[in-house]
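Bear in mind these aren't lab numbers, they're just calculated from the coordinates by the rules spelled out. This one's a predicted model, so the numbers in the text were calculated from it and none came from an experiment. All Cβ positions, glycine included, derive from the backbone under ideal geometry; neighbour counts span all protein chains shown.
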Amino acid sequence: MEARKSSDPNDWADGATFFVLAAEVESRAPLADSLEHGLNHWTLVAWTGAELLVTMPDADDFVVLLFALFYDSQRETDYVDPDHGARGAALATELVPAYLPDLEPSRLEKLTEACVLHTAAGPSDDPTMGTCWDSDRLNLWRVDIQPSPRYLSTAEAKNPKRIEWALDHQDVEYSWREIFARYQAAALGLGYPIEAAREQDPDGRFIWGEGDVRWIVPPRGSS
Ligand SMILES: [Fe+2]
């Protein structure tokens, strides 16, 4: 397997392109509004991926983010839909070279493989694949299934405290903007979001404002 850096600062230079790509994927997702498999689920998977990446220095962070965007995007039903991973991979194969032409073919291949196999495969020793699948499987809580360590790949995801964390986060909504900012901050060494800065809407759901970056810890040594 081709070795590469687990995080390339160049991947995180252009948030604007990612947001346009994310909007196109959403516009082409038959179930974007589904609570079980729609946008709220993809963003929660992306956020979970960021949590796991803290302990996965060899995983490809940009592929983990792209996995969250694509892997369930082509579901046509919330029920049995065995080919949705392959359709998500096909959409990635169409859109990623157009929006992100600098992403190396080997990384696109990893992304599509993770999408195709995400429902059927067991745990993986590959750090990127394992992080992708665990990000999804930790959120089985949303369909009333407790994630089983038997189907998880990474030590962090198997930690009972992390499984409990995933349960506690099922109602949290994240925007692509804050997700990208978190990945970007981690990749560029800017620090992590300050959870205490969250606001809650009248229903008690956590909301972070679009374009509001006050929750990013300042760069090290800047204060
Ligand atoms: Fe899926």
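What number do you get for segment 12-192 when its Cα radius of gyration is normalised by 2.2 N^0.38 Å, N = residues?
Output field value: 0.93.
Quick check: from the Cα gyration tensor, does segment 62-109 come out rounded (a/c under 1.5), prolate or oblate? Numbers along the way, then the final one.
Values: a/c = 2.61, a/b = 2.26, b/c = 1.15.
In terms of gyration-tensor shape, prolate.
What is the spin-label model distance, in nm, from Asp58 to Asp83 if the labels are put 7 Å beyond Cα along the C-beta direction?
3.6 nm
Ranked by Cβ crowding within 10 angstrom, fewest neighbours first, how are Arg137, Arg150 ordered? Working shown, then result.
On the way: Arg137 23, Arg150 8.
Ascending Cβ contact count within 10 Å gives the list Arg150, Arg137.
Can you list which of the chymotrypsin sites (Phe, Trp or Tyr not before Pro) found in segment 15-120 are DSSP loop residues with at most 16 other C-beta atoms within 10 Å? Don't skip to the answer; put the middle values down first.
Working: sites: Phe18, Phe19, Trp42, Trp47, Phe62, Phe67, Phe70, Tyr71, Tyr79, Tyr99; in loops: Tyr71, Tyr79.
Counting only loop positions with at most 16 other Cβ atoms within 10 Å, the chymotrypsin sites (Phe, Trp or Tyr not before Pro) in segment 15-120 are Tyr79.
Going by C-beta contacts inside 10 Å, put Leu44, Leu35, Leu103, Leu140 in order with the fewest on the left. Write out the running numbers ahead of the final one.
On the way: Leu44 25, Leu35 12, Leu103 19, Leu140 16.
Listed from fewest to most nearby Cβ atoms, that is Leu35, Leu140, Leu103, Leu44.
Which FRET efficiency value, to the nearest 0.05, do you get for Leu167 and Glu24 by plugging their Cβ-Cβ distance into 1/(1 + (r/R0)^6) with R0 = 35 Å?
Details: r = 32 Å, r/R0 = 0.91.
Between Leu167 and Glu24 the formula returns 0.65.
Sort Thr93, Thr17, Thr112, Thr131 by Cβ crowding within 10 Å, fewest neighbours at the top.
Thr17, Thr93, Thr112, Thr131
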